[in-house]
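S.K.: This structure is in structure tokens; I'll ask about it shortly.
The values are calculated or read from the model by the stated rules, or taken from the named source; none is laboratory data. Small disclaimer: the values here were computed from a predicted structure and weren't measured. Glycine also receives a Cβ, built like all others from the backbone with ideal geometry; neighbour counts cover every protein chain displayed. For accessibility, only protein heavy atoms count, side chains too; no ligands or nucleic acids. Shrake-Rupley method; radii C 1.70, N 1.55, O 1.52, S 1.80 Å.
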Amino acid sequence: MEVSERLFNKYNKVEDIRNASLEEIKDTIKDIGLYNNKAKWIKEIAEKWDYNKYCDEEYIRSLPGVGRKIANVYLIIVCNKNYIAVDTHVHRISNRIGLVKTKNPEETEMELYKVIPKEYYNKINFLFVLFGRNICKPINPKCNICKINKYCKYYKSLFKSR
Ligand code: SF4
């Protein structure tokens, strides 16, 4: 069972998490990485949660443990906002293809806004995560069967170096 499914089965409402002990939350999510920190943030967010501000961007971005990517994913899915959520897949693929030339996900997000048509902003994460897991993998990308290899900077560079 997915950890999130287990968590939400056990705690139906924010109030349930508020009333749970930190140890109990840790125990529920203990098979994911950094579960100590994540349990602490879940508890802190539940304690601070304000239903009236659930789509207030500043508020969402200020919550404990909520980084740029997670905030963007939340704002896209829950609040229908048009952001680009950049995780490791989006960062790697965008640089490999040559859409951007950046050093970190934050920079990638800002550069992608300049080159991606607006109607695709909130779809990029979903598309690139799937593409990154199946084709453009971190190690040994499957360039030979990649449908966009003729547009890819990395792929072209493989032939230049031979
Ligand atoms: S050609 Fe290779 S590196 Fe380029 S996008 Fe496709 S899988 Fe990724």
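S.K.: Output the qualifying pairs, or none if there are none: Cβ atoms under 7 angstrom, residues six or more apart or on different chains, first residue in the stretch 96-107 and in contact (Cβ under 8 Å) with a residue 40 or more places away in the chain, second residue charged (D, E, K, R) and surrounded by fewer than 17 Cβ atoms within 10 Å (Cβ to Cβ).
M.R.: Within 7 Å, the pairs are ARG96/LYS153; ILE97/LYS153; GLY98/LYS153.
S.K.: Taking the criterion of being part of a helix (DSSP H, G or I) and closer than 30 Å to ARG133 by Cα, would at least one residue in the stretch 14-24 satisfy it?
M.R.: Initially, the stretch 14-24 is screened for residues part of a helix (DSSP H, G or I), giving 14-19, 22-24.
Adding the requirement that they be closer than 30 Å to ARG133 by Cα leaves none.
No, the conditions are met nowhere in the stretch 14-24.
S.K.: Taking the condition more than 10 Å from the ligand (Cβ to nearest atom), more than 30 Å from ASN52 (Cβ to Cβ) and of a type in the set (Phe, Trp, Tyr), does TYR83 pass? Let's see the steps before the verdict.
M.R.: Working: more than 10 Å from the ligand (Cβ to nearest atom): yes; more than 30 Å from ASN52 (Cβ to Cβ): no; of a type in the set (Phe, Trp, Tyr): yes.
When the stated conditions are applied, TYR83 does not pass them.
Yes/no matrix, rows are residues, columns are (1) within 25 Å of ILE76 (Cα to Cα); (2) open to solvent by 100 Å² or more (accessible area, probe 1.4 Å); (3) in contact (Cβ under 8 Å) with a residue 12 or more places away in the chain:
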position: TYR121; (1), (2), (3): yes, no, yes
position: ILE124; (1), (2), (3): yes, no, yes
position: ARG133; (1), (2), (3): yes, yes, yes
position: PRO138; (1), (2), (3): no, no, yes
position: ILE148; (1), (2), (3): no, no, yes
position: CYS152; (1), (2), (3): no, no, yes
position: SER157; (1), (2), (3): no, no, no
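S.K.: Can you name every residue in the stretch 61-80 that is part of a helix (DSSP H, G or I), open to solvent by less than 50 Å² (accessible area, probe 1.4 Å) and within 17 Å of GLU109 (Cα to Cα)?
M.R.: If we filter the stretch 61-80 for residues that are part of a helix (DSSP H, G or I), which is where we start, we get 61-62, 68-79.
Now narrow it down to the ones that are open to solvent by less than 50 Å² (accessible area, probe 1.4 Å): 71-73, 75-76, 79.
If the condition is that a residue be part of a helix (DSSP H, G or I), open to solvent by less than 50 Å² (accessible area, probe 1.4 Å) and within 17 Å of GLU109 (Cα to Cα), then ALA71, ASN72, VAL73, LEU75, ILE76 are the ones that fit.
S.K.: Filter the stretch 25-48 down to the residues that are in a loop (DSSP other than H, G, I, E, B) and out of contact with any helix residue (DSSP H, G or I) (no Cβ under 6 Å at 6 or more places or on another chain), then identify the one that is nearest to PRO64 (Cα to Cα).
M.R.: The initial filter retains those residues of the stretch 25-48 that are in a loop (DSSP other than H, G, I, E, B), namely 29-34.
Filter once more, keeping what is out of contact with any helix residue (DSSP H, G or I) (no Cβ under 6 Å at 6 or more places or on another chain): 30-31, 33-34.
Working: LYS30: 19, ASP31: 21, GLY33: 17, LEU34: 14 Å.
My answer is LEU34.
S.K.: Go over the candidates GLU111, GLU58 one by one and state the one that is of a type outside the set (Phe, Trp, Tyr), crowded, with 17+ Cβ neighbours inside 10 Å and more than 16 Å from the ligand (Cβ to nearest atom).
M.R.: Numbers: GLU58 fails: crowded, with 17+ Cβ neighbours inside 10 Å.
So the residue among GLU111, GLU58 that is of a type outside the set (Phe, Trp, Tyr), crowded, with 17+ Cβ neighbours inside 10 Å and more than 16 Å from the ligand (Cβ to nearest atom) is GLU111.
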